[in-house]
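Enquirer: Take this structure first; my questions come after.
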Amino acid sequence: MNTDTLTRSVVEALAGRSIRKIAQDPERGLRALVDIGAATARGRFQRHYMNVIQGALADENCPYYEMVCRTARQTEERNLRTFGVNVGWQSWTVGARRIRDCEAANGFDVPWSMTFHMGGGGNGTDWSALVRSGQECGIWTYFLHAGGDPDAAARAAALAEGAPACAFLLFVSQKSVYPLLEELAALDNVMTVVDTAGGDWRRAAAALREERRLYGLWRLCAADGDTDAAERWLEEIQHEGALAAFLLPGPACTAAGRARLSRLAEATWRSRRYPMLVFDYYKDILLVDEIISDRSCFAGVLPDGRATVYRDGQERPGGADLRKVALAEALRLQCARSERTLGRKIV
């Protein structure tokens with residue numbers, strides 16, 4: 001057993017014990033969990049994240065207390081423990097170290113996560129091979145977008161089943177949740193993220209709670225980046241049991257609209273207003289990447305296998321076809337360290 005595997009086993013055991021303590025005695029359990037995090041926070045992002053959490057927990061009236069206690073009580077311990085360790089240890093520690101080694105040796109940026117658009121005809125793409133290639137580069141977290149395509153949602157669940165050490169965030173429509181409940185019950189490395197467009201999302205969230213599954217909610221924001229509508233949405237969903245809320249700018253969202261949404265997400269972190277974590281999807285993915293390896297890099301894959309980049313405020317096709325070239329080669333083409341496009345700070 002190597003050192004990383006041994007340390008992971010210890011972290012899992014301690015995290016599981018802390019989750020059980022939180023359900024029984026929230027204050028002591030939270031302090032124990034924070035102490036574990038501080039003791040094992042080796043990477044830059046982990047230290048940054050733990051500073052944020054410790055600052056939040058200094059205020060006993062912080063809504064994050066409600067969020068953590070609620071999540072510990074309503075979520076199956078294995079799901080919460082496995083997903084958390086897969087992100088916090090496997091991705092942000094083991095993976096981050098591998099990413100920095102790859103970048104130094106090969107001269108191209110490696111993202112900490114990948115976004116897979118699996119709906120609408122993704123049968124020709126070998127998603128499992130992409131995950132295996134990603135692991136070799138240090139990528140252990142994957143955002144899977146299945147939308148309202150039940151076949152894509154089933155492919156995403158199978159993908160997660162085949163990579164138990166990875167963390168998967170599965171973005172699905174409300175109707176896609178129900179056929180997946182049985183599979184999700186066995187997938188402790190998955191957080192399901194439900195689309196709130198339409199009126200039936202509360203029933204889907206309730207079904208996930210009944211199965212004691214970890215879940216979040218997401219909203220595709222209007223082209224004008226209407227922060228008033230987004231803020232009303234956050235008010236509406238804040239007590240619906242979600243660990244996280246994701247704001248995704250729509251395809252036609254202007255630069256000004258994206259900036260307003262980003263400021264809204266940042267303001268929720270500063271004010272700690274809601275008992276859930278609020279994310280600006282693209283900017284926060286890039287922020288984590290910048291903390292891990294000093295430069296931001298984004299990598300996605302369309303259903304037809306074309307790689308995507310994040311450029312000029314949009315996710316766009318990057319040119320490489322991952323059905324024909326290896327992931328490392330696509331990163332070399334699109335994220336070369338000599339190219340400054342992907343290394344800019346995102347605004």
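Enquirer: Can you work out which of the residues in the range 181-231 that are in a strand (DSSP E or B) and hydroxyl-bearing (Ser, Thr, Tyr) is farthest from Arg70 (Cα to Cα)?
Expert: Among those residues, the one meeting the criterion is Thr192.
Enquirer: Could you list, in sequence order, all residues of the range 191-230 that are of a type in the set (Val, Ile, Thr), under 21 Å from the mean Cα position of the chain (by Cα) and open to solvent by 10 Å² or more (accessible area, probe 1.4 Å)?
Expert: Thr196 - this is the single residue of the range 191-230 that is of a type in the set (Val, Ile, Thr), under 21 Å from the mean Cα position of the chain (by Cα) and open to solvent by 10 Å² or more (accessible area, probe 1.4 Å).
Enquirer: If I ask for residues that are open to solvent by less than 10 Å² (accessible area, probe 1.4 Å), over 13 Å from Thr71 (Cβ atoms) and either under 18 Å from the mean Cα position of the chain (by Cα) or of a type outside the set (A, V, I, L, M, F, W, C) (or both), which ones from the range 232-245 would you list?
Expert: Selection gives Ala245 alone.
Enquirer: Let me ask something else. Regarding the range 287-296, can at least one residue be identified that is closer than 17 Å to Leu247 by Cα and either free of Cβ contacts under 8 Å to residues at least 24 places away in the same chain or not aromatic (Phe, Trp, Tyr) (or both)? Steps first, please.
Expert: Going through the range 287-296, the residues closer than 17 Å to Leu247 by Cα turn out to be 287-288.
Cutting the leftovers down to either free of Cβ contacts under 8 Å to residues at least 24 places away in the same chain or not aromatic (Phe, Trp, Tyr) (or both) gives us 287-288.
Yes, the range 287-296 contains a residue that is closer than 17 Å to Leu247 by Cα and either free of Cβ contacts under 8 Å to residues at least 24 places away in the same chain or not aromatic (Phe, Trp, Tyr) (or both).
Enquirer: A further question follows. Which of the residues belonging to the range 91-124 are open to solvent by 10 Å² or more (accessible area, probe 1.4 Å) and in a loop (DSSP other than H, G, I, E, B)?
Expert: Residues satisfying the conditions are Gly107, Trp112, Gly119, Gly120, Gly121, Asn123, Gly124.
Enquirer: Still on this model: Given the residues Arg17, Arg42, Arg31, Arg47, which is the only one that is modelled with pLDDT under 65, out of contact with any Pro (no Cβ under 8 Å at 6 or more places or on another chain), farther than 23 Å from Tyr142 by Cβ and of a type in the set (Lys, Arg)?
Expert: Arg47
Enquirer: Same structure again: Name the single residue, out of those in the range 255-275 being open to solvent by 40 Å² or more (accessible area, probe 1.4 Å) and part of a loop (DSSP other than H, G, I, E, B), that is farthest from Ile237 (Cα to Cα). Spell out the reasoning first.
Expert: The first filter runs over the range 255-275 and keeps only residues open to solvent by 40 Å² or more (accessible area, probe 1.4 Å), leaving 255-256, 260, 263, 266, 269-273.
Going one step further and asking which of them are part of a loop (DSSP other than H, G, I, E, B), we end up with 272-273.
Numbers: Arg272: 15, Arg273: 13 Å.
Step by step, filter the range 255-275, then rank; the result is Arg272.
Enquirer: Specify which of the listed residues (Leu243, Leu277, Leu247, Leu234) is under 28 Å from Gln74 (Cβ atoms), free of Cβ contacts under 8 Å to residues at least 40 places away in the same chain, of a type outside the set (Ser, Thr, Tyr) and out of contact with any Pro (no Cβ under 8 Å at 6 or more places or on another chain). Give the derivation first.
Expert: Values: Leu243 fails: free of Cβ contacts under 8 Å to residues at least 40 places away in the same chain; Leu277 fails: free of Cβ contacts under 8 Å to residues at least 40 places away in the same chain; Leu234 fails: free of Cβ contacts under 8 Å to residues at least 40 places away in the same chain.
Step by step, each of Leu243, Leu277, Leu247, Leu234 is checked, and only Leu247 is under 28 Å from Gln74 (Cβ atoms), free of Cβ contacts under 8 Å to residues at least 40 places away in the same chain, of a type outside the set (Ser, Thr, Tyr) and out of contact with any Pro (no Cβ under 8 Å at 6 or more places or on another chain).
Enquirer: Given the criteria part of a strand (DSSP E or B), in contact with a Phe, Trp or Tyr (Cβ under 9 Å, 6 or more places away or on another chain), in contact (Cβ under 8 Å) with a residue 12 or more places away in the chain and among the β-branched types (Val, Ile, Thr), does Val131 qualify?
Expert: no
Enquirer: To continue, here is another question. Spot the failing condition for Asp101; the list is (1) closer than 15 Å to Ala160 by Cβ; (2) free of Cβ contacts under 8 Å to residues at least 40 places away in the same chain, and only one is missed.
Expert: That leaves (1) as the condition not met.
Enquirer: So which residues in the range 170-186 are closer than 24 Å to Gln90 by Cα and open to solvent by 10 Å² or more (accessible area, probe 1.4 Å), if there are any at all?
Expert: Passing the criteria: Glu183, Ala185, Ala186.
Enquirer: State whether one or more residues within the range 281-300 are assigned to a helix (DSSP H, G or I), aliphatic (A, V, I, L, M), open to solvent by 40 Å² or more (accessible area, probe 1.4 Å) and modelled with pLDDT under 90.
Expert: Within the range 281-300 (the criterion being assigned to a helix (DSSP H, G or I), aliphatic (A, V, I, L, M), open to solvent by 40 Å² or more (accessible area, probe 1.4 Å) and modelled with pLDDT under 90), the answer is no, since none of the residues qualifies.
The values are calculated or read from the model by the stated rules, or taken from the named source; none is laboratory data. As the structure is a computational prediction, the values presented were derived from the model and not from experiment. Cβ: placed from backbone, ideal geometry, glycine included. Neighbour counts: every protein chain shown. Accessible surface is based on the protein model in full, side chains and every heavy atom, while ligands, DNA and RNA are left aside. Shrake-Rupley method; radii C 1.70, N 1.55, O 1.52, S 1.80 Å.
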